[in-house]
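Every number here is computed from the coordinates shown, using simple stated rules; none is lab data. Note that the structure is predicted; figures quoted are calculated from it, not measured. Here Cβ is always computed from backbone atoms with ideal geometry, including for glycine, and neighbour counts include all displayed protein chains.
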Amino acid sequence: MTTSSPETDLGRTRRARRIGRALTEAHPDAHCELDHSNALELAVATILSAQCTDKKVNEVTPKLFVRYPSAADYAGADRTELEELIRPTGFYRNKTDSLIKLGQALVERYDGQVPGKLADLVTLPGIGRKTANVILGNAFDVPGITVDTHFQRLVQRWGLTTQTDPVKIEHEIGALFPKREWTMLSHRIIFHGRRVCHARKPACGACTLARLCPSYGTGPTEAAASAKLLKGPRARDLAVAAGVDPALVPQQAVVAEAP
Ligand code: SF4
């Protein structure tokens with residue numbers, strides 16, 4: 001990216017689209033990392049994911065989903081039993097509260113079904129705008145942008161927005177991409193944030209976006225130091241795509257849990 005003259009709006013849009021294409025190539029495996037088979041399960045998993053890794057949530061939910069298959073089951077749950085089941089995800093008292101209240105609200109106002117509209121979803125206990133967009137995008141096929149901590153950090157590093165308010169970020173980034181791409185774009189950005197562009201030490205020297213990124217150099221730029229920072233089962237593929245020797249990626253990075 002050249003820094004000699006200020007970037008025009010058109011230039012920024014074009015660069016954003018190039019970033020989008022590079023992300024599509026880098027992360028063909030991008031998807032919602034919370035296991036679910038319907039909108040209720042996704043709503044529950046998203047509530048549990050606050051301050052907790054998706055991996056831990058996925059360990060807890062299979063048993064939970066069998067025990068509580070419907071909104072009415074959460075509405076009438078025995079608090080102590082539910083607390084015990086979700087305890088490993090942390091903040092389990094608050095989360096139990098949210099799940100019971102969510103079940104009650106769904107039964108009372110939506111016939112036990114999770115509604116498919118943003119305006120309805122955000123009125124439900126435990127469901128904020130971010131969660132609502134996750135549910136819309138992944139359970140209802142309604143395009144949604146999910147501004148989580150990774151998304152926020154990356155679009156700021158790319159200079160695609162100077163906003164800090166998640167709703168403003170959502171609108172500003174949404175305007176740069178076709179609506180139909182929003183859900184997958186969100187997954188890919190979050191994947192990149194978890195596997196390459198980490199909060200503290202981004203793997204700049206092993207990043208396929210380096211030429212499009214004004215923050216290149218925030219993390220190490222040498223191949224060996226950068227390769228060690230890649231994470232996840234496709235860490236070596238990511239290295240190859242960035243022109244880095246995959247042998248420099250240690251085995252522990254490949255098996256590492258993406259944060
Ligand atoms: S070049 Fe560095 S800061 Fe930019 S996206 Fe890649 S890892 Fe992140």
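Here are a few things to note about the model shown:
- Ranked Cys197, Cys32, Cys52, criterion: other C-beta atoms within 10 Å, fewest first: Cys52, Cys32, Cys197
- Rounded to 0.05, the FRET efficiency of the Ala199 and Ser70 pair, given R0 = 45 Å and the Cβ-Cβ distance, is 0.75.
- For region 158-230, convex hull of alpha carbons as volume per residue, Å³: 93
- Dimensionless Rg ratio for region 80-224, taking C-alpha atoms and the 2.2 N^0.38 Å reference: 1.25
- Label zone of Glu25 (point 7 Å out along Cα→Cβ, amide N under 12 Å): in region 213-248 this covers 241-243.
- Choice from His187, His36, His171 showing the highest fluctuation, given a GNM over the chain with Cα pairs closer than 10 Å: His171
- For the residues Thr161, Thr183, Thr46, a GNM of the chain with alpha-carbon springs under 10 Å puts the largest fluctuation on Thr161.
- In plain terms, the C-alpha convex hull of region 34-97 casts an average shadow of 3.6 nm² when viewed from every direction.
- A Cβ-based charge dipole, computed about the Cα centre of region 170-259 with Lys and Arg at +1 and Asp and Glu at -1, lands at about 120 debye.
- Cubic angstrom per residue, convex hull over Cα atoms of region 133-176: 67
- Classified by the C-alpha gyration tensor, region 39-139 has an oblate form. Its axis ratio a/c, with a ≥ b ≥ c, is 1.5 or above, and a/b does not exceed b/c.
- Shape summary: the chain maps onto an equivalent ellipsoid whose semi-axes, from the alpha-carbon gyration tensor, are 36, 22, 13 Å in decreasing order.
- Estimated [θ] at 222 nm from DSSP helical runs (n ≥ 4, -39500 (n - 2.57)) normalised by residues in the chain, nearest 500: -15500 deg cm²/dmol
- For region 32-99 versus region 204-240, the inter-centroid distance based on Cα atoms is 35 Å.
- Built from the Cα atoms of region 204-255, the convex hull projects on average onto 3.0 nm², one quarter of its surface area.
- Sequence of Asp148, Asp54, Asp120, Asp78 once ranked by neighbouring C-beta atoms within 10 Å, starting from the fewest: Asp78, Asp120, Asp148, Asp54
- Net charge dipole, region 204-255: roughly 120 debye, given to the nearest 20, about the Cα centre with Cβ charges of +1 for Lys and Arg and -1 for Asp and Glu.
- Residue exposure sequence - Ser215, Ser5 - by fewest surrounding Cβ within 10 Å: Ser5, Ser215
- Overall, the chain carries a charge dipole of about 880 debye about its Cα centre when +1 sits on the Cβ of Lys and Arg and -1 on the Cβ of Asp and Glu, all other atoms neutral.
- Anchor Lys201: aspartates and glutamates whose Cα lies under 18 Å away (excluding residues fewer than 8 positions away in-chain): Glu222, Glu257
- Spin-label pair Asn58/Asn94, simplified geometry with 7 Å Cα→Cβ offset, distance in nm: 2.5
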